[in-house]
Amino acid sequence: MLAGEAEWANRKLAPIFDEAIRRSMTKVGTEVKPNETVTLHFTVKNPKLRTDLEAKMLELVNEERAREGLPALVADPELAVVARAHARDMFARGYFSHYTPEKADPFD
């Protein structure tokens with residue numbers, strides 16, 4: 001129920017705030033080195049798969065790549081399976097990193 005209400009609010013507010021948020025987000029952020037782990041102050045036990053957000057992230061990455069004269073990336077369904085499993089682990093255990101807390105990477 002709450003998720004539906006949040007999506008309704010997002011649809012109503014996005015046209016008003018999206019551009020301002022997009023502009024401000026280019027000026028805020030955290031510099032994290034590839035081997036660092038960020039501890040999250042929350043966990044999510046059953047995250048909802050959001051293929052729409054995956055597609056949007058790829059779109060935004062490709063916009064940045066185009067600005068730098070780089071070729072666009074293409075979604076890889078096999079890689080998505082691995083990435084989603086890692087994302088579920090990060091949400092469940094409250095961290096953000098290329099590596100697990102045990103220092104394992106996707107190639108282990």
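The values are calculated or read from the model by the stated rules, or taken from the named source; none is laboratory data. No experiment lies behind these values; they were computed from the predicted model shown. Please note: Cβ atoms are built from the backbone with ideal geometry, for glycine as well, and neighbour counts cover all protein chains shown.
Just give me the residues in the range 48-63 being surrounded by 10 or more Cβ atoms within 10 Å (Cβ to Cβ) and not hydrophobic (A, V, I, L, M, F, W, C), in sequence order.
The answer is 50, 51, 54, 56, 59, 62, 63.
Identify, please: which residue in the range 18-47 is assigned to a helix (DSSP H, G or I) and surrounded by 10 or more Cβ atoms within 10 Å (Cβ to Cβ) and is, among those, modelled with the lowest pLDDT?
24
If only one of 72, 66 is hydrophobic (A, V, I, L, M, F, W, C), in a helix (DSSP H, G or I) and over 19 Å from residue 50 (Cα atoms), which one is it?
66
So residue 95 clears everything in (1) without any contact (Cβ under 8 Å) to a residue 40 or more places away in the chain; (2) touching a strand residue (DSSP E or B) at 6+ places or on another chain (Cβ under 9 Å) except one condition, right? Which one?
(1) is the only condition that residue 95 fails.
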